[in-house]
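J.: Here's a structure for you.
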Amino acid sequence: MRWWQRILPLQTAPSKDDLILKRNVSYPGKGVPADPEKADGVMLLRNRISRIFFLRKFFNYPLSLNYGTFANLGIKRVVKIALSYFKINIFPVKNEKNLEDFFINRFGEELYSTFFKDYTLKVWGIPCDEIGAEWGAQRIQGLSITRAITDVVKSLWAKSAFDEQKNVETSLIKQFMYPKLGPGQLWEKVAQIVIEKGGEIHLKHKLTGIKCDGGTITEAIIRDEASNNIMPVKADYFFSTMPVRDLISAFGPAAPEKARKTAEGLVYRDFITVGLLAKKLKIKNMTDIPTINGIVPDNWIYIQEKEVKIGRLQIFNNWSPYLVSDINNVWVGLEYFCNEGDGLWNKKDSDFMEFAAGELSKIDILEKEDVMDGIVLRFSKVYPAYFGTYNQFNLIRDFVDTFGNLFLIGRNGMHRYNNMDHSMLSAMTAVENIINGVKSKDAIWATNSETEYHEKK
Ligand SMILES: Cc1cc2nc3c(=O)[nH]c(=O)nc-3n(C[C@H](O)[C@H](O)[C@H](O)COP(=O)(O)OP(=O)(O)OC[C@H]3O[C@@H](n4cnc5c(N)ncnc54)[C@H](O)[C@@H]3O)c2cc1C
């Protein structure tokens, strides 16, 4: 976080929405004056609110066992959940074969089918009974009703002050830093610094081949996507954040067959985001948090409604009021998980916007007529999956680690569900290895492999 603030200083004066709402807030930004009303190069400190939308109602995220949850679910469903939970404690699934068994053993059939079954299918595109149980064990360990109850008790004492967040579980963090113009702004600034220091950045250049000699990478073959010119690049060190599947393929026959086969079997989930600019939303702010024009206060909302394909909804006004030119409008982002080339992916942009607005109208989030503008963006390989051949990933690692000057870092680079902080940490660790002459890559691979995991709750 200190590194981020060196690039974009934390705000020292209120944001546009604080001023409009006359919020009485103090900002921890120290040193350089950073007023978001006067300059763009500012990191905002935002409150984090995110909830689950299900049965046309809002539930806490992470889901908590409180009166609100029970009231939203209704007595009939709560009794069913409780009964099926007690039943599974007495008669657990003996041999957990898949993620479905894993969830049912921890939550009971009813809670599983209410909250986990369809959402997991939405996100990963395959049903829970086709995902290995070890995925659950590895990624969502510690998740249990007992844990949920202790979290409720703990949260009564949870502190929200920014500098006291260090030991708070990721999903309970109440505030976060956000560049005034979105995360890309941070990296645009970093790119500018790299260039000022004499570095070169070649965008739209694709790595298509790798040459090696023994345990050393000697050359990367790069294609300029605009001109189709191919150029070899020699370097002392190579860092890769490209998808592991493509990296191994770029080695061609130099990669052993076992590594190649494993890489080919790695699975990814692709992603489409649809931005819609609307005059207003139909859902209203029923919390006691003041907002402009009474819009819901959430940064993002998990959409659990089963009749729509949308997975999450971003409310950009609440990330940064500077992302919307007229703060009286609402700028939302609908997120769709998909597979490259499937029906969603291939939809024409205009059809997709129509479909997306229709989905939000179907679940009573907005009226279609209030949508004024939109944009569709497609991203491939955004979620590296922990199924497919992932359990043989060591065959890839054994191969790539034989090269002293090649470092796999980041999210797709390591085929790991890294967030930005862990992606950066893996890069920093790689550089430290080089500086300190450390040959082993273990410290890099250890990034974000700790047993504590974000999704635990
Ligand atoms: C929908 C979504 C929401 C997220 N939200 C958050 C969040 O709120 N907070 C957070 O911390 N993290 C979040 N993340 C994760 C974060 O975006 C990643 O951790 C981070 O971007 C990973 O950085 P990276 O450098 O490893 O990879 P990337 O940022 O993916 O960069 C990899 C680069 O490699 C390029 N590339 C690929 N193939 C080739 C090739 N053959 N040749 C040359 N270049 C190539 C790509 O074009 C890309 O520019 C989110 C991710 C997604 C998908």
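Where a number appears in this text, it was derived from the coordinates with a stated rule and is not lab data. For clarity, every value in this text was computed on a predicted model and none was experimentally measured. Here Cβ is always computed from backbone atoms with ideal geometry, including for glycine, and neighbour counts include all displayed protein chains.
J.: Which of the pairs LYS16/LYS279; LYS38/LYS189; LYS284/LYS362; LYS122/LYS306; LYS117/LYS284 have their Cα atoms more than 21 Å apart in this structure? Display every interim value, and only then the final one.
T.: On the way: LYS16/LYS279 19 Å; LYS38/LYS189 18 Å; LYS284/LYS362 16 Å; LYS122/LYS306 9 Å; LYS117/LYS284 28 Å.
Over 21 Å Cα-Cα: LYS117/LYS284.
J.: Which whole-Hz couplings ³J(HN,Hα) result when phi for each residue of region 4-10 is put into the Karplus expression 6.51 cos²θ - 1.76 cosθ + 1.60, θ = phi - 60°, listed in order with x for Gly and Pro?
T.: 4, 6, 5, 7, 10, x, 5
J.: Considering all alpha-carbon pairs of region 59-143, what whole percent are spaced by more than 23 angstrom? Walk me through the numbers on the way to the answer.
T.: Working: 798 of 3570 pairs.
Summing the P(r) of region 59-143 above 23 Å gives 22 percent of all pairs.
J.: Let me ask you something else. Can you show me the helix-derived [θ] at 222 nm for the chain, built from DSSP H runs with n ≥ 4 at -39,500 (n - 2.57) apiece and divided by the number of residues, rounded to the nearest 500. Kindly include the intermediate steps, with their values, before the conclusion.
T.: Numbers: 17 runs with 151 residues, N = 457.
That comes out to -9500 deg cm²/dmol.
J.: Using only alpha carbon positions, build the gyration tensor of region 366-450, then give the equivalent ellipsoid semi-axes as the square roots of 5 times its eigenvalues, largest first, whole angstrom. It would help to have the intermediate numbers written out before the result.
T.: Numbers: eigenvalues 250, 53, 23 Å².
Largest first, region 366-450 gives 35, 16, 11 Å.
J.: While we're here: At 10 °C and 1.306 mPa s, what whole-number value in µm²/s does Stokes-Einstein give for the translational diffusion of region 258-406, with Rh from the Kirkwood sum over Cα pairs? All intermediate terms of the calculation are to be shown ahead of the outcome.
T.: Working: Rh = 17.6 Å.
For these conditions, the coefficient is 90 µm²/s.
J.: Also: Quick one: Kirkwood hydrodynamic radius for the chain, alpha-carbon pairs, angstrom, one decimal?
T.: Kirkwood radius, the chain: 24.5 Å.
J.: Whole-Å semi-axes of region 394-442's equivalent ellipsoid, largest first, each the root of 5 times a Cα gyration tensor eigenvalue? Display every interim value, and only then the final one.
T.: Numbers: eigenvalues 60, 47, 8 Å².
They are 17, 15, 6 Å, listed from largest to smallest.
J.: While we're here: With a ≥ b ≥ c the root eigenvalues of the C-alpha gyration tensor of region 212-324, is it rounded (a/c under 1.5), prolate (a/b larger than b/c) or oblate?
T.: Prolate.
J.: Using a 10 Å cut-off around each Cβ, can you sort SER50, SER227 from fewest to most neighbouring Cβ atoms?
T.: On the way: SER50 19, SER227 8.
Least crowded to most crowded, the residues run SER227, SER50.
J.: A further question follows. Taking +1 at the Cβ of each Lys and Arg and -1 at the Cβ of each Asp and Glu, which of LEU323, ILE217, THR241 sits farthest along the dipole of the chain towards its positive end, judged by Cα position relative to the Cα centre?
T.: Checking the options against the dipole of the chain, the answer is LEU323.
J.: Find how many whole Å separate the alpha carbon centroid of region 51-68 from the alpha carbon centroid of region 179-245.
T.: 43 Å
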